[in-house]
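Undergrad: Let me give you the structure first, and then I'll get to my questions.
The values are calculated or read from the model by the stated rules, or taken from the named source; none is laboratory data. Remember, predicted model here, so these are calculated numbers, not experimental data. Cβ sites come from the backbone with ideal geometry, for glycine too, and all protein chains shown count toward neighbours. Note: areas computed on protein heavy atoms with side chains; ligands, DNA, RNA excluded. Shrake-Rupley method; radii C 1.70, N 1.55, O 1.52, S 1.80 Å.
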Amino acid sequence: MQSTSSPQRMRNFAIVTIAIVLVVALVLSIRAQDSTSTLEFQATHAQPIDIALTNGKPTLMEFYANWCTSCQAMAPDLAAVKSQFGDRVNFSMLNVDNTKWLPEVTKYRVDGIPHFVFFDNKGKVLAEAIGEQPRQILESKLTDLIAGTALSDTASKGEVSKFTPKTVPSNGVNDDPRAHGA
């Protein structure tokens, strides 16, 4: 059996010490993580949508999924916004993977998440936004929602382009490229 030299022992000791310090730091950081800012915690403590739309307060409804990285990334900001506005605004969360919410997913035409729907205090849809929203934008929209003014940086529900294509009368020839000359 070979004995290890003193420099090699010191190197091994340093590696073991560093590994222990990293494991302890990792465990402590996981424990110190704010559990109220997780997506699961917020969904569990969200206002049920049927109550939110009838209790006289404006509502921010979010369609999300646990696997959605954008939803997870926004969770800490939404927790902060909820702590700031939670006494004046309902926060509801509907998981698109739960078939219970299929009627709502269909009604609000959710085709991307996170999908936010802003309701006034009477339950009327004022606006929608899709994708990650910066915290400052959400705060601005919620401030407008509480004040009853038009939501900034958001197109109103139902607003569409003013573009109207010109139609040309048909000359009997099918010019549709999908017709393949038929």
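Undergrad: Within region 113-125, can one find any residue that is small (Gly, Ala, Ser), under 21 Å from SER37 (Cβ atoms) and open to solvent by 20 Å² or more (accessible area, probe 1.4 Å)?
TA: Filtering region 113-125 for residues small (Gly, Ala, Ser) gives 123.
Okay, now just the ones that are also under 21 Å from SER37 (Cβ atoms), so none.
Looking through region 113-125, none of the residues is small (Gly, Ala, Ser), under 21 Å from SER37 (Cβ atoms) and open to solvent by 20 Å² or more (accessible area, probe 1.4 Å).
Undergrad: When region 77-121 is examined, which residues are found to be farther than 15 Å from THR143 by Cα and touching a Gly at 6+ places or on another chain (Cβ under 8 Å)?
TA: Answer for region 77-121, where residues must be farther than 15 Å from THR143 by Cα and touching a Gly at 6+ places or on another chain (Cβ under 8 Å): GLY112, PRO114.
Undergrad: Taking the stated definitions as given, is VAL81 in contact (Cβ under 8 Å) with a residue 60 or more places away in the chain, among the hydrophobic types (A, V, I, L, M, F, W, C) and in contact with a helix residue (DSSP H, G or I) (Cβ under 6 Å, 6 or more places away or on another chain)? So that I can check it myself, show each step before the final result.
TA: Values: in contact (Cβ under 8 Å) with a residue 60 or more places away in the chain: yes; among the hydrophobic types (A, V, I, L, M, F, W, C): yes; in contact with a helix residue (DSSP H, G or I) (Cβ under 6 Å, 6 or more places away or on another chain): yes.
Spelling it out, VAL81 is indeed in contact (Cβ under 8 Å) with a residue 60 or more places away in the chain, among the hydrophobic types (A, V, I, L, M, F, W, C) and in contact with a helix residue (DSSP H, G or I) (Cβ under 6 Å, 6 or more places away or on another chain).
Undergrad: Look through region 127-164, keep the residues that are at pLDDT below 85 and of a type in the set (Lys, Arg), and return whichever of them is least open to solvent (accessible area, probe 1.4 Å).
TA: Looking at the filtered set, the residue picked out is LYS157.
Undergrad: Which residues, taken from region 90-111, are in contact with a strand residue (DSSP E or B) (Cβ under 6 Å, 6 or more places away or on another chain) and β-branched (Val, Ile, Thr)?
TA: Answer for region 90-111, where residues must be in contact with a strand residue (DSSP E or B) (Cβ under 6 Å, 6 or more places away or on another chain) and β-branched (Val, Ile, Thr): VAL96, VAL110.
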